[in-house]
């Protein structure tokens, strides 16, 4: 199943090589663009099913996708779980109800966070602050891809468990096996990933 999903990500050009600035500010030779998933409903449905299977041993009352990429997948996932979904706006509304968290919830409920990928984990920590302020409990984060650049360790320091389906190393190996990149590019990306992981420890 992992190879199948990676091959589908390759086929829709979600995996790119070049020189990219990530949300974390890191300069990376590999970029994984999952925002285009909204145009591939069957693949989104497959990913929601994968998340559902990964979540079977996790206890939670609510589902929350991180805007914007994870929202459609989290919506499908919440339907599979038959559990309510909430989401946190990037900025608090200045009109209407002035809420930052949309949806129905009660303090003390446990939220499973869904996202597309994780790099160093800093943006996840920032995203979780409004949930904590609202009295919600976050113990688990579920992502499709772990870039293995310190995210799991940072969340762990906060008492949060990371669950991922794929690692960036598995993607890199598969892309190389498919002759999409040559040995030089493979080595360049591998060195970058290992060095950036060391910098986060």
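Results, tabulated for the structure shown:
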item	result
Selection within segment 155-195 - at pLDDT below 95 and buried (at least 18 other Cβ atoms within 10 Å of the Cβ)	193
Qualifying residue in segment 37-49 (condition: out of contact with any strand residue (DSSP E or B) (no Cβ under 6 Å at 6 or more places or on another chain) and more than 21 Å from residue 4 (Cα to Cα))	no
All strands (runs of 3 or more DSSP E) inside segment 2-71 with 2 or more residues being under 27 Å from residue 191 (Cβ atoms) and either under 14 Å from the mean Cα position of the chain (by Cα) or touching a residue at least 24 places away in the same chain (Cβ under 8 Å) (or both)	15-21, 27-32
Among (1) touching a strand residue (DSSP E or B) at 6+ places or on another chain (Cβ under 8 Å); (2) exposed (fewer than 11 other Cβ atoms within 10 Å of the Cβ); (3) not in a strand (DSSP E or B), the one test that residue 74 misses	(2)
Counted residues, segment 120-138 - those being free of Cβ contacts under 8 Å to residues at least 40 places away in the same chain and either under 18 Å from residue 73 (Cα atoms) or in a strand (DSSP E or B) (or both)	2
Answer from 30, 114, 66 - the residue that is at pLDDT below 95 and under 17 Å from residue 144 (Cα atoms)	66
Which numbered condition residue 179 misses (of (1) over 19 Å from the mean Cα position of the chain (by Cα); (2) farther than 19 Å from residue 111 by Cα; (3) assigned to a helix (DSSP H, G or I))	(3)
Selection from segment 80-102 of residues that are at pLDDT 95 or above and either out of contact with any strand residue (DSSP E or B) (no Cβ under 7 Å at 6 or more places or on another chain) or in a loop (DSSP other than H, G, I, E, B) (or both)	80, 82, 83, 84
Any hit, segment 58-68, residues being surrounded by 15 or more Cβ atoms within 10 Å (Cβ to Cβ), farther than 24 Å from residue 155 by Cα and in contact with a strand residue (DSSP E or B) (Cβ under 6 Å, 6 or more places away or on another chain)	no
Looking only at segment 13-27, and only at residues there that are under 16 Å from residue 145 (Cα atoms) and touching a strand residue (DSSP E or B) at 6+ places or on another chain (Cβ under 9 Å), the one that is modelled with the lowest pLDDT	22
Within segment 150-169, tally of residues that are over 19 Å from residue 111 (Cβ atoms) and assigned to a loop (DSSP other than H, G, I, E, B)	1
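The values are calculated or read from the model by the stated rules, or taken from the named source; none is laboratory data. Everything quoted here is computed from the prediction, not taken from an experiment. Don't worry about glycine lacking a Cβ; one is built from the backbone with ideal geometry, like all the others, and counts go over all protein chains shown.
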